[in-house]
Structures are given as structure tokens and as C-alpha cells.
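Encoded as C-alpha cells, the structure appears first; notes follow it.
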Amino acid sequence: MKLDPQRYAELFRTESREQLSAINRALLLLEEGGDPSEPVSVVFRAVHTIKGMSATMGYHAVAEFSHELESVLDRVRRGDQTLAPDLMDALFASADALETAVDDASEQAAQTPAMIAALQRLRDVAGGSATSEFPAMQMPEGGVFDESPAPRRAGHEPRTTLELVAAADEVTRPGARPTRHVRVDLGRLDALMNLIGELVITRGRLLQLTATSPDPALDEAMQMAARLVSDLQAEIMTMRMVPVWQVFDRFPRLVRDAARQQGKDVHFVVEGKEIELDRSLLDEIGEPIVHLLRNSIGHGIETPEVREAAGKPREGRLVLSAARDRAAVLIRVSDDGRGIDRDRVLERAHRLGLVDESVKELDDAALFKVIATPGFSTVETVSDLSGRGVGIDAVQAKARALGGSVELITMRGEGTTITVRLPVTLAIVRALLARSGVERYALPLTHVRETLEYDRDVVQFVKGKPVLVLRDEVLPLLDLRDVVRQRPADDTPGAHREIVVIERGARRSGLVVDELIGQQDIVVKQFDAARDALALFSGATILSDGAPALIMDVGSLFEGS
Amino acid sequence: MAPTVLICDDAIFMRTMVSDILQQAGFEVVGEAETGAQAVERYKQLRPDLVTMDIVMPDMGGIDAVREITKFDPDAKVLMCSAMGQQALVVEAIQAGAKDFVVKPFQPSRVLEAVQRVLG
């Protein structure tokens, strides 16, 4: 008999984490009140499962801790123990202790100080397990994984032919089998994604090479292969998509703790849980969201007393939402707190020389630019929650590294909303290819609104600067040639150019290019070199003819304007 | 033909382990269930030679599931998998129709011995 301990250690960790998030969800439900029986059962079962797994792995500290926790929960379940607030606190503390212990679990690991403290609290409020009739925990003598008796065949033979036929019939009937799942290491999915990326590039080159072929059979086979590659790509991308709740689920607990610590009353709402994002993106975006939530609780939402005095409900409202917007996903953190104090930000920005003294007012975009400056903060005291306000610049940096952008709207006394716009997937994005001079650039569709022809009717001049007049709206107009510092285009009549309308949040702008080549799936290759110097570009790609092209960070085009 | 088995446990960890042990011993795992209700439904669908059944599961526990399964098929061969310290529940499970039990944490050899006893 051979069981792979490595594999089980991995399973133990993933499944324990799932159980812990179920525990936290159920504890929050319990705290809200209502019928406790179902949430208590959920917590009991989850702790029971963790106990069974850790005992199997030989993780004594975790097993013994879960055992004591389980015995308290068993008494609650039977109605022998009431769920007083101090017991709730002890249960929350136990869940936290268990979480860290699960991450660091090993056969040698002893009980952590957090576990010992949590057990003490449990005993104080609910009495120890020794006083109950709950049986003591025993660990197996030998390990599960080092057992080595010779494997035996199960000696079962079907008793009669009839039985055998009947059984076979049942099993092979179509549809009788349940869906089966396989757990795959994320690294393998990444490798698959890289391969399909290369294949997409190769497809492009092949299509170009065969386009001129006079052989219709070759053309047909090529089209077929191209379609199959698309299907394959779609399939793999779907496989990597996970609903955002997988990360959002831990936030209610975090918000609760942060709010309590700050003496705030916060009603937390999560919307769009089922929206899907590429796994790797979702992993990356978790931390930035934590920053935003903590900022809202720490600096946005006021204390109940202050709110009451301002004529607001005592309880603040904090909404985290995810929504699809064409090729992008919008993640939004919105609070009904005090809003950002523009005057204080402006004063500090003047002092630090971030904004010219002549500037007397900051609009949302300018305000955001200031607070996203590394090291900027209006909070002079250091709180253990949101630190020194380093949050926003970290969020901004992360969003840009992922090919996204951040937008802020704030209203004095009414609240702040921060929106992070992200591509749905990282590795392959749909982009518009534009030519400027001899260079070609890729503009991800995440930030592209529409395209139109450059025309004397839509382009007008205000104070000598060109603007785009689009359905009664006047948008600033940029020239890609200026942006990438190329020679200006010949402004000869008949020189045919085109305009791409790009957007970031509520802001739009026109970008004049020499020519639009078309849409293409591009494979994003991140580059590390000289980030600051290349803030215009978020990566590079290989085009279907094998030539490299830079991917524009469209969000950054709004910074300068 | 390899004997077939249905594995019922709400933890993937445990299902994987029972599945590993039994497959290496020559069984064919034809199905898995995460709740008692699913176990009953899959049993009726798959008619496996053997069922391994966890006691603590959501949506109908293991003991009620055994009761339902033996009501449907009095010859059903169900092996209970219980955690340490659930002796009282094990007795209840046997009364409900389970043929034998193993105690978690599993020792592969113990599991196979119990399986032999159940399948006779």
C-alpha cells in the first residue's frame, strides 16, 4: 500500500482552508442572530472534518485543538451551552488560531500561543472538555503513511452470473455515472496557458503564410486548425476562470474585525459574487481589495456618534461589488462615509510640492493622482489598520501591473467609491492593433470604447488644441505620434487617419492613429525592465507575422492630460 | 470483474484516501457522495458491491443514509467510517444495517481487513 504524503498534505491544506471559510461564514451568521441550529451544525461538521484530516496526517497540535473545539460545539449543538457573546468571541479567536495552525501544520508542530490562548478562553466561558462526557482524543499509534504490509487482492467474486449482469447493466447505463472531478495543480494550468499562447501566435503566422496559397485544400485545413485552436483557447481560459467569491468570502470576517477594532458600525454588502475572473488575477487582486476595505473602515466611515450628529444612520454602509463590463471586470469598493477632504489633500500636496501653488481645486482625477503618490497620506497618526495610507499607491501599482486601472469618486460627507478595472484574463487579451509611422502598437480592448475615422467634422480646435466632438460631447484628443514621440504626421489633405476612443472610468479621450489594422488575440509578455521609463506600456507581444509590438497601458494616457 | 465501491464522505481528503486504498487493492470506485442524501441516490443508481459511509455529513447523516439504503436493498454492504470517540454512534449504525466499521484516522490494513469481513 502506498499513499503519497505530499499529495495528502496539499489536500489537507486546501480542504482545511475551505472548511475554515465555511466556519467564518457560519460564525458571522450566528452573530447576526436568527436560528442558530444550522450554522452551529456547519461549524461542528467543519471542525470535525479538520480534526479527522489532521489526525490522519499526524498533525497532533491541530487534531487536539480541533477536538476540544468540537467538544464545545457539540455541547452548543445539544443545547447544553448557550451562545453568549463571550463564547462567540472565543469561537472567532479559535477559528483564527486554527487558520494559522493549519497553514503551518506539521507532525512536529506544537500548539501555537494563539491556540493555547483560544483554548483558555473556550474553557473559561464553556468549561473544559474534561468535564463533559465527550470522549478523549486518541491518535493512532503507527503513522498512516509508513505502513507497509503486502497489498492484498480483495477476494470478492460476484456470487451469481445474474448479479454480475445486473450490476454491469446498472453501471454502464449512460448517464448513470455522476460527474467526476480532477484536482489539478495551478502550475499545470499556467503551463497549458503558455503553450496555448504560443500556439495562438503560431496560428497567426500560419494563417498569414497560407493566405497566399493557391491550394484550396490547404486553406480549408488551415481554417479548420485555426478554429480548433480558438476552441481550445476558449476551453482553457474557461477552465482558469473562478468566481470572485473564492476570494471575497473571507472579507466579511475581515470587515467585522476591523470595524470592531475601530468602534465603527458597518453593514457590509457583497454584490456580484458569481462574476468570474482568471485565477491568477483573482489571487493578485485580493490584497489591494483588503487595502481598500480597510481604508473605507479606517478613514471613510465615521464612528456611530459622528454619523448620528451628521444626520446619517449610525450604521455605515460598505459595498464590495464585481461586475462585467464588456472585456473588463469592474471591482468596486464604495462607502457612505465622510469622503476625502479635498482641502486637506490640496494643502498637503502644496506643502509636498506635488501640485502647483496656482491650483486651487482638485477634481476627482487630480485628487486620485495626488493620493496615489507613493508615501502620500493625510492621516498623520499611524493606525494599525490601514498603516500610513500606503494603500492607494499599492492598489494603483497592482492594477496597472495587471493591465487595469483605478478610478476614484468622492463626495464630501457622502462617501467614496473606488473602482478597479481589470481585464478578464491576463495571458491572452483581445487588442486593437494600431499603426503609427512604421511601428505597430496593441491597445487592449479593456479600455477601448469605439473607433471612428478622422474627419474635419468631428475634430475641432479649442484654444488651438484639437478636440473630438462626439455626439455632443467634447473629448480631449491625443495623437499617438506625440505620445510615443514620433515625428508628426504629414498633414497633407487626403492623409487618412483614424481615431480610437479610449476610456478609463468616466473619462474618455480620443487617440489619433495612422491606421487601424484590426483586432487580434495577443499573448501578453510582461517585461520587468525600467518600469518608470516605460510607464506607457504594460507589456509586449509577438504579432502574427513574428514581429514584436508594445502593448499600450491605455490607463496611463489619462495621467498626463 | 473488479468489485465496485461507492465512497461517501463530505471531505475530499477522506474520499481520496479511501479511494486510494481500495483502488490499490483492486476495487473499482464507481461513485462518490458528499451528503447522506446523495449517498442514497447514488446507491440506487449504481448498486455498488460495497459502500463506505462517513457518519457526520450534511443533508442527512451517515446513519440515516444506511437506514434508507438497507430499506431499499437489505443485502447492501455498508462499511461505516467513524471518527475516534463515536462508539455510541457506531452501535446505532450497525443497528441501522451497517455491516462493520473502521475508525479514522485510517490504517490502510485495517480498512482492507474490514472490507474483507463485510464482503465475506
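Quick note: the coordinates plus some simple rules give every number you see, no bench work behind them. Being a predicted model, the structure only gives us computed values, none of them experimental. Ideal geometry is used to build each Cβ from the backbone, glycine not excepted, and the neighbour counts take in all protein chains shown.
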Label points 7 Å out from Cα along the Cβ direction at residue A:211 and residue A:455: separation in nm?
-> 2.7 nm
Within the set B:71/B:104; B:44/B:77; A:273/A:369; A:398/A:525, which residue pairs have Cα atoms separated by over 20 Å?
-> B:71/B:104; A:273/A:369
Working out 0.36 nm times the residue gap between residue A:226 and residue A:198, then minus their Cα-Cα distance, what length gain in nm do you get to one decimal?
-> 8.8 nm
Tell me, what does the Kirkwood hydrodynamic radius of chain B come to in angstroms if you use every pair of distinct C-alpha atoms?
-> 13.7 Å
Across the residues of B:8-18, average count of Cβ atoms on other protein chains within 10 Å?
-> 6
Got a sec? How would A:357, A:10, A:15 order by Cβ neighbour count within 10 Å, fewest to most?
-> A:357, A:10, A:15
Extend 7 Å from the Cα of residue A:474 along its Cα-to-C-beta direction; within segment A:447-464, residues with backbone N under 19 Å of that point are A:455-464
Reachable lysines from residue A:463, criterion Cα separation under 24 angstrom, eight or more residues apart if same chain | A:360
Does segment A:244-423 come out rounded, prolate or oblate, given a ≥ b ≥ c as the square roots of the eigenvalues of its C-alpha gyration tensor, rounded meaning a/c under 1.5 and, failing that, prolate meaning a/b above b/c?
-> oblate
Residue span residue A:219 to residue A:326: 0.36 nm per residue of separation minus Cα-Cα distance leaves a gain in nm of 35.3 nm
Distance between modelled label sites at residue A:435 and residue B:110, nm, 7 Å Cα→Cβ extension | 7.5 nm
Rounded Å value of the spacing that divides the Cα centres of segment B:90-111 and segment A:281-348 | 53 Å
Hey, with R₀ at 45 Å, roughly what FRET efficiency would residue A:186 and residue A:117 work out to, going by the Cβ-Cβ distance, to 0.05?
-> 0.85
Rounded to whole Hz and in sequence order, give me ³J(HN,Hα) for segment A:266-272 from the Karplus expression 6.51 cos²θ - 1.76 cosθ + 1.60, θ = phi - 60°, writing x for Gly and Pro.
-> 10, 9, 9, 10, 10, 10, x
From the phi of every residue in segment A:253-265, what ³J(HN,Hα) in whole Hz does the Karplus formula 6.51 cos²θ - 1.76 cosθ + 1.60 yield, where θ is phi - 60° and glycine or proline is x?
-> 5, 4, 5, 4, 5, 5, 5, 4, 4, 9, x, 10, 9
Give the span of segment A:203-274's Cα atoms along each principal axis, as three whole-Å numbers ordered largest to smallest.
-> 76, 16, 14
Near the amide H of residue A:517, under 5 Å away, which other amide H atoms are found, from residues 5 or more places off or on another chain, if H is placed in the peptide plane?
-> A:433, A:434, A:435
Beta bridge orientation in the protein assembly as shown: antiparallel %, DSSP, nearest 5 | 70 percent
Amide hydrogen neighbours beyond the local backbone of residue A:267, cut-off 5 Å, H modeled | A:316, A:317, A:318
Cα gyration tensor of the protein assembly as shown, axes a ≥ b ≥ c as square roots of the eigenvalues: rounded (a/c below 1.5), prolate (a/b > b/c) or oblate?
-> oblate
Just tell me which lysines come within less than 22 Å, Cα to Cα, of residue A:264; anything on the same chain fewer than 8 places away is out.
-> A:312
Can you tell me which of B:1-14, B:90-103 comes out highest on packing, and rank the rest after it, using the mean Cβ neighbours within 10 Å?
-> B:1-14, B:90-103
Okay, helix-only estimate at 222 nm for chain B: each DSSP H run of n ≥ 4 adds -39500 (n - 2.57), divide by all residues, round to 500 deg cm²/dmol; what do you get?
-> -14500 deg cm²/dmol
Anisotropy class of segment A:254-355 from Cα gyration tensor, a/c 1.5 cut | oblate
Taking 0.36 nm per residue of separation and subtracting the Cα-Cα distance, what length does fully extending residue A:486 through residue A:315 add?
-> 56.1 nm
Residues whose placed amide H lies under 5 Å from that of residue B:104, excluding near-sequence neighbours | B:82, B:83, B:84
Using Cα positions and a limit of under 20 Å, work out the aspartates and glutamates in reach of residue A:2, with same-chain residues fewer than 8 apart set aside.
-> A:10, A:107, A:141, A:146, A:147, B:20, B:28, B:113
So, how do all the Cα-to-Cα distances of segment A:428-559 break down into 10 Å bins, in percent, from 0 on up?
-> 12, 44, 34, 10, 0
Could you work out, for segment A:186-242, what percent of all Cα-Cα pairs fall into each 10 Å distance bin, beginning at 0 Å and stopping at the bin that holds the largest distance?
-> 23, 44, 23, 10, 1
